[in-house]
1. For THR232, what residues show an amide H to amide H distance below 5 Å, using hydrogens built from the backbone and excluding near sequence neighbours?
2. Which shape class, rounded, prolate or oblate, goes with the range 64-231 when its Cα gyration tensor gives a ≥ b ≥ c as root eigenvalues, a/c under 1.5 marks rounded, and past that a/b bigger than b/c marks prolate?
3. Taking amide H positions as placed in the peptide plane 1.01 Å from N, state which residues far from ILE201 in sequence (5 or more) or on other chains have amide H under 5 Å from it.
4. Among SER56, ASN128, GLY25, which residue has its Cα positioned farthest towards the positive end of the charge dipole of the chain, with +1 placed on the Cβ of Lys and Arg, -1 on the Cβ of Asp and Glu, and the dipole taken about the Cα centre?
5. For the range 2-55, what is the charge dipole size about the Cα centre, in debye to the nearest 20, if Lys and Arg each add +1 at the Cβ and Asp and Glu each add -1 at the Cβ?
6. What is the packing order of peptides 95-102, 184-191, 66-73, taking the mean over residues of other C-beta atoms within 10 Å and listing the highest first?
7. Hey, can you grab everything whose amide H is under 5 Å from the amide H of LEU226? Only 5+ residues off in sequence or another chain; H modelled, so Pro and N-termini drop out.
8. Per-residue ellipticity at 222 nm for the chain, helices alone: DSSP H runs ≥ 4 residues times -39500 (n - 2.57), over residue total, nearest 500 deg cm²/dmol?
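Rule-based calculations on the coordinates, nothing more; no lab input. Remember, predicted model here, so these are calculated numbers, not experimental data. Neighbour counts are summed over all protein chains in view; Cβ atoms, including those assigned to glycine, are modelled from backbone coordinates with ideal geometry.
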Amino acid sequence: MIVGRTEPGSRATFDGTSVRVSPEGIFACGLEWNRTQVAHLSVQFADGTREVRDISPIARTYSVQRVNGLPPSTVTPPPEILERIRRENELVYAARQKDSDAVWFAEPFDWPAPGIMSGTFGSQRIDNGTPMAPHMGVDMANAEGTPIRAPADATISISDDFYLAGGFSLLDHGHGVSTSYLHQSQRMVRAGDVVRRGQVIGLMGKTGRATGPHLHWAMNWFQVRLDPSRSTRTLAPPRA
């Protein structure tokens, strides 16, 4: 995630698309996990002058992770379940389109839960021997019932039980920046709630497609998938 700060009254575009700029001059944008092309950021100031910056992504090497012991129905779901998954994915897609005026994303995020980092962002997943999509989040493993806390202020966009994600919450931090929390044993917030940094939003569990209790933590800028560990104050979650 890129957090930009410019003069109040400025306008900004990222790759030619306008992005929201707060009255204080704060804006957000993001680079997709596997992007290699140069991104173009342009800011037009209130006096009409313009500044353009090119952002060159640095290629990352991602690991391969094999996960065995998953319930077979979550790796190769039957047709009727695939339709449910499709509907749930549409709800998440729509929630991630939200472009609210909050600037809660502007400060570094806290880790939402303590634990051992059991899954890294971008790793190629092989589930029960079946190649799957890359792992678009960070996993923290800990005892079931470990509190999950909001890493920054947010509005709750979704709080529901999904087939693959299990107990699922999606938090809106403003300007298209959202974070998601999967596999919860208990959700302690409802859609529309406003939560503050450090507030308990749920408990760690093993619901959905999971082999043991852990939190899958994801971050997006609209539909661009981001590594949440790159937006935190520290490089690793606190240990229990």
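1. Long-range HN contacts for THR232: PHE109.
2. Numbers: a/c = 1.57, a/b = 1.39, b/c = 1.13.
Judged from the Cα gyration tensor, the range 64-231 comes out prolate (a/c at least 1.5, a/b above b/c).
3. Sorted by chain and number, the residues that satisfy this are ILE148, ARG149, ALA150.
4. ASN128
5. That gives the range 2-55 a dipole magnitude of about 80 debye.
6. On the way: 95-102: 15.1, 184-191: 17.9, 66-73: 12.2.
The peptides rank, most packed first, as 184-191, 95-102, 66-73.
7. Amide H neighbours of LEU226, under 5 Å, 5+ apart: MET219, ASN220, TRP221.
8. -2500 deg cm²/dmol
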